[in-house]
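The values are calculated or read from the model by the stated rules, or taken from the named source; none is laboratory data. These numbers were taken from a predicted model, which means no experiment stands behind them. Cβ placement follows ideal geometry from the backbone for every residue including glycine, while neighbour counts extend to all protein chains displayed. Areas reflect the complete protein model, heavy atoms only, side chains present, ligands, DNA and RNA absent. Shrake-Rupley method; radii C 1.70, N 1.55, O 1.52, S 1.80 Å.
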Amino acid sequence: MRKTAEKYMQSALSEAKKAYKLDEVPVGAVAVLDGKIIARAHNLRESNNNPVAHAEILCLQRAAKKVKSWRLENVTLYVTLEPCVMCMSALLQARVKQLVYGANDPKAGAHKSKVKLKSINPINQKLKVTAGILKDDCAIILKKFFKNLRKKKK
């Protein structure tokens with residue numbers, strides 16, 4: 001499981017690097033079904049002037065289009081950062097089978113860092129969560145991005 005998870009997290013990191021190059025918060029996501037990546041996305045909030053253009057939301061939309069259903073019951077979503085409340089809610093609504101993420105988000109994470117959204121899940125969805133896959137790699141790109149952002153603001 002760990003080797004497979006790391007392989008897909010590397011793909012999510014590739015998406016995060018695309019976001020970084022666009023001056024977007026470097027978060028990337030991939031959706032996997034039956035051992036194949038069916039959707040990829042990275043943050044595009046700034047580029048699209050869209051507050052909901054998080055990597056997870058965009059990836060879920062692309063995955064749903066690919067499988068021709070909003071129910072993503074057999075999909076695993078790999079994302080480089082612990083999802084926020086909006087994204088975690090979307091995962092639950094889409095009935096995603098499993099979430100795998102890299103770095104914790106102490107400011108806005110909705111799995112265990114800030115809010116434990118899964119524990120107050122009103123739709124009784126059994127989302128399996130694995131945290132910490134390539135967490136250092138996922139955290140490094142975020143730290144570098146915010147360090148550079150602070151330099152630009154000076």
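For segment 129-154, give me each residue that is assigned to a loop (DSSP other than H, G, I, E, B) and without any contact (Cβ under 8 Å) to a residue 40 or more places away in the chain.
Let us first name the residues in segment 129-154 that are assigned to a loop (DSSP other than H, G, I, E, B), namely 132-134, 154.
Result: Gly132, Lys154.
So, in segment 15-43, how many residues would count as being open to solvent by less than 20 Å² (accessible area, probe 1.4 Å), β-branched (Val, Ile, Thr) and assigned to a strand (DSSP E or B)?
First, pick out the residues of segment 15-43 that are open to solvent by less than 20 Å² (accessible area, probe 1.4 Å): 15-16, 19, 24, 26-32, 39, 41, 43.
When the remaining residues are screened for being β-branched (Val, Ile, Thr), the result is 27, 30, 32.
Narrowing the set further to residues that are assigned to a strand (DSSP E or B) leaves 30, 32.
Residues meeting the conditions: 2.
Only one of Ala63, Ala12 is outside any strand (DSSP E or B) and either over 18 Å from Ala110 (Cβ atoms) or of a type outside the set (A, V, I, L, M) (or both); which?
Just one listed residue meets the conditions, Ala63.
Does Glu82 satisfy the criteria of being open to solvent by 10 Å² or more (accessible area, probe 1.4 Å) and of a type in the set (Asp, Glu)?
Numbers: open to solvent by 10 Å² or more (accessible area, probe 1.4 Å): no; of a type in the set (Asp, Glu): yes.
When the stated conditions are applied, Glu82 does not pass them.
What's the number of the only condition in (1) among the acidic types (Asp, Glu); (2) under 30 Å from Lys153 (Cβ atoms); (3) open to solvent by 40 Å² or more (accessible area, probe 1.4 Å); (4) at pLDDT below 95 that Glu46 fails to meet?
Result: Glu46 passes all but (4).
Could you please find all residues in segment 97-107 being assigned to a loop (DSSP other than H, G, I, E, B) and either of a type in the set (Lys, Arg) or modelled with pLDDT of 95 or more (or both)? Can you show your working first?
Taking segment 97-107 first, the residues assigned to a loop (DSSP other than H, G, I, E, B) are 97, 104-107.
Result: Lys97, Lys107.
Can you pull out every residue in segment 66-79 that is of a type in the set (A, V, I, L, M) and part of a loop (DSSP other than H, G, I, E, B)?
Here is the first cut: in segment 66-79, the residues of a type in the set (A, V, I, L, M) are 67, 72, 75, 77, 79.
Across segment 66-79, the qualifying residues are Leu72, Val75.
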